[in-house]
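Here the structure comes first, spelled out in structure tokens, and everything after it is commentary.
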Amino acid sequence: MQRPAATLPPPGLRRSYWLREALAAEGTPLTAPPPTAPPPTEPGRYDVVVIGGGYTGLWTAFFLTEADPGIRIAIVEQDVCGGGPSGRNGGFLHGWWDQLPRLVELHGPDRALEVALAADEAVDGVRAFCEAHGVDAWYRRGGYLRVSAAQGQDGDGLDAVAACRRLGVADQLVAQSAAEVQARCASPAFRGGVFMPNAATIQPARLARGLRRVLLERGVTIHEGTPASSIAVDGRASVLAGDVRLEADHVVLAVNAWAAGWPEHRRSVLAWGSYMVLTEPAPEALAGIGWTGGEAIADARFTVHYFRTTPDGRVAFDAGVGAAGYGGRIGASFERDPRAVGRA
């Protein structure tokens with residue numbers, strides 16, 4: 001498996017607020033570049049090599065060390081852990097109860113319920129991880145509110161409420177009248193909606209960086225600033241990490257959107273970007289509209305607008321779709337899209 005000659009765009013020179021805040025909490029000045037774990041200098045042999053230092057790769061390594069504390073793992077990351085989408089997303093943490101009708105359609109009621117219950121474990125699982133390892137990821141379990149923001153969105157989610165009721169989990173997704181929505185957040189644009197109680201918000205980069213710290217403490221080798229350019233399999237797998245070969249019994253390709261840069265995945269991965277805005281602290285304004293419960297909020301558009309608060313009373317929100325990159329095309333618009341920024 002070979003990467004294309006063209007390289008994917010590097011992260012923006014000015015990092016996301018989430019990552020800069022998380023690095024500052026670690027003691028890195030806001031004007032300094034992120035500290036990096038060094039690239040490999042000589043060949044190594046591992047049980048598992050994980051390509052990608054975002055949530056998928058970090059959680060994979062974490063659960064492997066839970067199952068086998070002595071396992072030899074190397075993580076290869078082209079940037080820094082948390083530098084990609086895992087460190088600059090909305091920080092919503094919730095299950096798939098609003099997707100239950102689609103899951104039933106695909107897998108039948110029993111398997112759909114099994115999948116939804118498994119996904120729901122992430123909400124309390126992240127809290128338990130943070131508490132056990134002293135990771136302050138701003139975890140707040142305030143629920144997830146999906147609202148109608150226009151007449152055409154009215155009734156969205158009610159089929160999922162009905163599906164939850166049919167499968168005996170009616171408390172996982174609850175219909176909300178316009179008055180009930182207004183009691184949670186009195187935006188003049190919000191109408192009725194549905195509410196998922198078991199949901200939370202986090203500071204996404206703090207979670208990624210916390211995972212990185214825990215893995216280093218467990219003896220996992222992390223190589224940052226190290227692109228993986230090829231994978232060869234001849235008995236054992238071999239990963240070209242920078243200029244050095246790493247051998248492993250197993251390789252995990254945990255690159256998420258960046259898989260679009262590998263020829264084998266160009267037609268199976270559609271990378272999609274959006275832009276976020278973060279306000280200055282405004283706790284009095286939040287109190288004025290009653291949005292003090294920490295609810296994560298999204299509207300019912302096809303490409304949703306989403307909103308959440310922070311402990312110091314800021315609002316982080318997405319207001320406009322960014323770029324889509326089919327066929328492996330992830331260009332500069334993913335980092336610098338003036339039109340999307342303007343909409344936001």
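Among the helices of the chain (complete DSSP H runs), which have Cα atoms covering no less than 30 Å along the helix axis and a Kyte-Doolittle mean of at least -1.0?
Helices meeting the criterion: 100-133.
Out of residues 5 or more away from Thr226 or on other chains, whose amide H comes under 5 Å of its own, with H placed 1.01 Å from N in the peptide plane?
Amide H to amide H, under 5 Å and 5 or more residues apart or across chains, Thr226 pairs with Glu77, Gln78, Asp79.
Just want the answer: with Cβ charges of +1 for Lys and Arg and -1 for Asp and Glu, which residue in Gly331, Gly57, Leu30 is farthest toward the dipole's positive end in the chain?
Gly331
Order 33-46, 244-257 from most to least packed using the mean count of other Cβ atoms within 10 Å.
244-257, 33-46
Using alpha-carbon positions, what is the distance between the centroids of the stretch 138-213 and the stretch 45-80, in Å?
Taking the Cα centre of the stretch 45-80 as reference, the centre of the stretch 138-213 is 32 Å away.
Taking the convex hull of the alpha carbon atoms in the stretch 91-227, what volume per residue do you get, in Å³?
Residue-normalised Cα hull volume stands at 167 Å³.
Given 4 °C and 1.567 mPa s, compute D for the stretch 191-344 with the Stokes-Einstein relation, Rh being the Kirkwood radius over Cα pairs; round to the nearest whole µm²/s.
It diffuses with D of about 67 µm²/s by this estimate.
Which peptide among 265-273, 140-148, 79-87, 158-166 comes first, and what is the full order, when sorted by highest mean count of other Cβ atoms within 10 Å?
79-87, 140-148, 158-166, 265-273
Please give the per residue accessible area of the chain, computed with a probe of 1.4 Å over protein heavy atoms only, in Å².
I get 48 Å² per residue for this part.
If we sort 19-30, 286-297, 197-208 on the protection proxy, mean other Cβ atoms within 10 Å, highest first, what's the order?
The most tightly packed comes first, giving 197-208, 286-297, 19-30.
Tell me the Rg and the Dmax, in Å, that the Cα atoms of the chain produce.
Rg then Dmax for the chain, in Å: 21.1, 64.
The values are calculated or read from the model by the stated rules, or taken from the named source; none is laboratory data. Values in this document were obtained by computation on a predicted structure and should not be read as measured data. Note that each Cβ is placed from the backbone with ideal geometry, even for glycine, and that neighbours are counted across all protein chains shown. Protein only, heavy atoms only, side chains kept; ligands, DNA and RNA dropped before computing areas. Shrake-Rupley method; radii C 1.70, N 1.55, O 1.52, S 1.80 Å.
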